[in-house]
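The values are calculated or read from the model by the stated rules, or taken from the named source; none is laboratory data. Bear in mind that the values here come from a model prediction, so they are computed numbers and not experimental data. When we count neighbours, we look across all protein chains shown, and the Cβ atoms used for this are built from the backbone with ideal geometry, even at glycine. Side chains included, ligands, DNA and RNA excluded: accessible areas come from the protein's heavy atoms. Shrake-Rupley method; radii C 1.70, N 1.55, O 1.52, S 1.80 Å.
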Amino acid sequence: MIAASSTAESLREETSCSICLDYFTDPVIIHCGHNFCRSCINRSWEGITKFSCPQCRKTSKQMNLRPNWQLANITELAKKMPKSNQAEKLCEKHEEKLKLFCTEDQKLICVVCKEGKDHRSHSVIPTEEAVQEYRVKYEKHLYPLWNKLQEILYFKYSEEKKAEKLKYETKTKKEKIQSEFEELHQFLNEEQRILLSRLEEEEKEILKKIKDNVTQLEDQSSSLNKLISEMEEKSQQSAVELLKDAKVILSRCQTMEFLSPKAVCTEEEKCSHLSFLRQYFILKDVITKYKGKLSAERVNVSLDPEIANPWLILSEDRKSVRLGVTRQKLPDNPQRFDPCPCVLGFESFTSGRHYWEVEVGDKTDWDFGVCKDSVNRKGKITRSPERGYWVIWLRNGDKYEALTSPSTLLPLSVRPRAVGIFLDYEAGKVSFYNADNKSHLFTFTDTFSEKLRPYFSPFLNLKGKNAGALKIRPVPDWE
């Protein structure tokens, strides 16, 4: 009897859905091999794109439900089995069947327990009724739990995908960096070979000049020694011999020419190749040369008249801007700067490396650089990276600053007459250089995610000392 009850209970477990805890209804088998009611699994997977088994958590990208007719037949047989064959638990205290359910203590009790002091005043219902009621309650709480589980699994899947993407992007960047530095090493090795060769040629040329000078000086020294010896010997002779050929000997002393050879220069500042060596590792000969090899785009920037402040005068070719003396009557469109005397370039950047140059001449005040396309253009403007500006400026003719927060003073030893701007979007860098001697002025480092555009302001013409224009000049070829 016990064995039969155990078998019946096992059969009931095998024919019960783990979601609704009842006999299978239209059972289906999913990707991992587990079975569920069709309606239960459909509700569990509603509104998701990655399907996870409620039992083993194995996931699948597709919802594949296959009818399990054999299990459906077995379920029907299990339903028809007499309940007497099912194992029944007895009350541990009274060894009576647990036919009642105490709703206050939420536990099964027997008829004897009901009459006891512990449950006499409590509300009780038949076990079968409690089973149906709590099955509904379990199911009601189960679905939110499954949904929460699906959210967690989807979030976990998303985070794992982010990790995979990050690893792939990092691997790609590493390979790119390695490739570029290998190319840079090759470039520098070739430059080293050329410079060493030039240095050797310089040395040979200088040594030859020194050798020629030494040979010439030795010849002159020999002639002088010979003449000195003759005159010393003559001065020791008798009166007749001393005066003999006196005219010829004195004439030789007077007419002998000694050409001084040109001194050979060995000072670094006056030797072209040595001077080149000293300046080699500045931007012009390393960064600027190699910039071309890194596929930096030389941008021929043009100014956008639809954005220019009404006080600004743009040249016909859109390559220069200055402050006018009267305000122009222009459409007050949302993208126009007002009242700040600013203008942007037509060009915009969302990736890559870009370089352009601005001629400042003798202006006493100006500011330019890069800004987000989305910056506010009306009212007072604060130029800082936090507000979407990466800008340097000149004020009062000698105060150069990078507009960080707070601003950074730039102690420049040479007043730049033209400034180069280098934008590396992926690296998050905006660098400024003296465009003539290629010395570095300042570099902003940030993270870019929006469209960027060149920014310019000739500033105010204070006391007529700042009337000049900012000019975008063509970028020369990198030699």
Tell me yes or no: at least one residue of segment 213-220 is open to solvent by less than 90 Å² (accessible area, probe 1.4 Å), outside any helix (DSSP H, G or I) and free of Cβ contacts under 8 Å to residues at least 40 places away in the same chain.
no
Residue hits (segment 314-335; open to solvent by less than 90 Å² (accessible area, probe 1.4 Å) and of a type in the set (D, E, K, R)) are 318, 319
Answer yes or no as to whether residue 173 is of a type outside the set (Gly, Ala, Ser) and modelled with pLDDT of 90 or more.
no
All-but-one check, residue 464 against (1) free of Cβ contacts under 8 Å to residues at least 60 places away in the same chain; (2) surrounded by 13 or more Cβ atoms within 10 Å (Cβ to Cβ); (3) not hydroxyl-bearing (Ser, Thr, Tyr), failing number (2)
Per the list (1) free of Cβ contacts under 8 Å to residues at least 12 places away in the same chain; (2) within 30 Å of residue 40 (Cα to Cα); (3) open to solvent by 50 Å² or more (accessible area, probe 1.4 Å), residue check on residue 157 breaks on (1)
Return a yes/no flag: does segment 305-327 have any residue that is assigned to a loop (DSSP other than H, G, I, E, B) and on the phi > 0 side of the Ramachandran plot.
yes
So residue 192 ticks every box in (1) outside any loop (DSSP other than H, G, I, E, B); (2) more than 30 Å from residue 427 (Cβ to Cβ) but one. Which box is left unticked?
(2)
Failed condition for residue 81, given (1) at pLDDT 85 or above; (2) surrounded by 13 or more Cβ atoms within 10 Å (Cβ to Cβ); (3) within 30 Å of residue 28 (Cβ to Cβ), with all others met?
(1)
Would you list the strands (runs of 3 or more DSSP E) that sit entirely within segment 24-128 and hold 2 or more residues that are closer than 18 Å to residue 143 by Cα?
35-37
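For every residue, the table says whether it meets (1) touching a Lys or Arg at 6+ places or on another chain (Cβ under 7 Å); (2) of a type in the set (Phe, Trp, Tyr); (3) not in a loop (DSSP other than H, G, I, E, B).
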position: 374; (1), (2), (3): no, no, no
position: 392; (1), (2), (3): no, no, yes
position: 426; (1), (2), (3): no, no, no
position: 442; (1), (2), (3): no, yes, yes
position: 450; (1), (2), (3): yes, no, no
position: 454; (1), (2), (3): no, no, yes
Scope segment 40-55; condition open to solvent by less than 60 Å² (accessible area, probe 1.4 Å) and under 20 Å from residue 13 (Cα atoms); matching residues:
40, 41, 53, 54
Starting from segment 57-73, keep only residues that are modelled with pLDDT under 90, then list their pairs with residues that are surrounded by fewer than 13 Cβ atoms within 10 Å (Cβ to Cβ) whose Cβ atoms are within a distance under 8 Å, requiring at least 6 positions of separation or different chains.
61/49
Please go through segment 17-31 and give me each residue that is among the polar types (S, T, N, Q) and either modelled with pLDDT of 90 or more or in contact with a helix residue (DSSP H, G or I) (Cβ under 6 Å, 6 or more places away or on another chain) (or both), ordered by number.
25
Residue 250 passes all but one of the listed conditions (1) modelled with pLDDT of 90 or more; (2) surrounded by 11 or more Cβ atoms within 10 Å (Cβ to Cβ); (3) of a type in the set (A, V, I, L, M); the exception is number (1)
Residue satisfying all of: in segment 456-479; hydrophobic (A, V, I, L, M, F, W, C) and assigned to a loop (DSSP other than H, G, I, E, B); modelled with the lowest pLDDT among these:
478
Can you pull out every residue in segment 395-421 that is within 12 Å of residue 369 (Cβ to Cβ) and open to solvent by less than 30 Å² (accessible area, probe 1.4 Å)?
401, 402, 403, 419, 420, 421
So which residues in segment 130-165 are under 30 Å from residue 105 (Cβ atoms) and among the basic types (Lys, Arg)?
135, 137, 140, 148
